[in-house]
Amino acid sequence: MDAMVVYSSHTGNTRKIANAIFAAIPGDSKDIQNVTEYRGKDADLFFVGFWTDKGDCDSAVAALLSGLHGKKVALFGTCGMGTDDVYYDQIAARVRKWLPSDNVYLGSFLCQGKMPMQVRNRYESMLDGSDRDLHIRLMIRNFDEAMLHPDRKDEQEAARFAREIFAAKSE
């Protein structure tokens with residue numbers, strides 16, 4: 001098999017990006033599975049997707065990555081906080097640490113994703129009239145902006161990423 005897309009999705013954001021990546025991979029020699037369904041199906045190229053959990057991937061993806069050997073691997077993920085490439089690069093670097101060194105790392109794609117409403121409720125409960133309210137209001141604004149993601153543009157960028165990775169893998 002040429003390509004395997006394996007992902008973990010807590011709220012559906014990463015699943016949406018996984019589907020865009022899967023659709024962009026040319027040919028029929030490909031498969032897509034949630035990490036909970038994945039049973040070691042082999043491939044030349046792995047696209048591994050995750051939702052961001054405290055700046056890292058969740059434990060199921062960490063275990064999957066730790067068990068891959070001798071593969072070409074590209075990472076993708078969604079993150080509720082921010083749209084900053086520097087922050088995304090930091091997340092990708094943390095997740096990449098789970099990947100053993102005998103693999104070939106091909107790059108990463110991250111985009112913003114909506115968060116559960118209880119996150120906004122928690123932020124609102126933190127407002128207390130203190131100096132930190134400005135920071136909390138920025139977090140609430142980020143939450144509100146994240147509600148629109150991943151959007152069509154995010155899906156298109158993920159598809160572009162997949163095509164570029166697949167083309168580079170063939171070289």
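General observations
- Scanning segment 1-44 for residues being basic (Lys, Arg) and without any contact (Cβ under 8 Å) to a residue 40 or more places away in the chain gives a total of 3.
- Residue within segment 11-20 that is in a strand (DSSP E or B) and closer than 16 Å to Ile91 by Cα present: no
- Residue check, Ala3 touching a strand residue (DSSP E or B) at 6+ places or on another chain (Cβ under 8 Å) and closer than 18 Å to Arg160 by Cβ: yes
- Met147 falls short of the stated requirement of being surrounded by 12 or more Cβ atoms within 10 Å (Cβ to Cβ), of a type outside the set (Val, Ile, Thr) and in contact (Cβ under 8 Å) with a residue 60 or more places away in the chain.
- Filtered residues of segment 39-65 (kept if closer than 27 Å to Gly82 by Cα, over 12 Å from the mean Cα position of the chain (by Cα) and surrounded by fewer than 21 Cβ atoms within 10 Å (Cβ to Cβ)): Lys54, Ser59, Ala60, Ala62, Ala63
- Meets criteria (surrounded by 16 or more Cβ atoms within 10 Å (Cβ to Cβ), basic (Lys, Arg) and assigned by TED's automatic domain parsing to the domain that holds Asp85) for Arg15: yes
- Phe109 touching a residue at least 40 places away in the same chain (Cβ under 8 Å), in contact with a helix residue (DSSP H, G or I) (Cβ under 9 Å, 6 or more places away or on another chain) and farther than 16 Å from Phe47 by Cβ: no
- Only one entry in Thr78, Thr36 is surrounded by 14 or more Cβ atoms within 10 Å (Cβ to Cβ) and either at pLDDT 95 or above or of a type outside the set (Lys, Arg) (or both), namely Thr78.
The values are calculated or read from the model by the stated rules, or taken from the named source; none is laboratory data. Remember, predicted model here, so these are calculated numbers, not experimental data. All Cβ positions, even for glycine, are placed from backbone atoms using ideal geometry, and neighbour counts span all protein chains on display.
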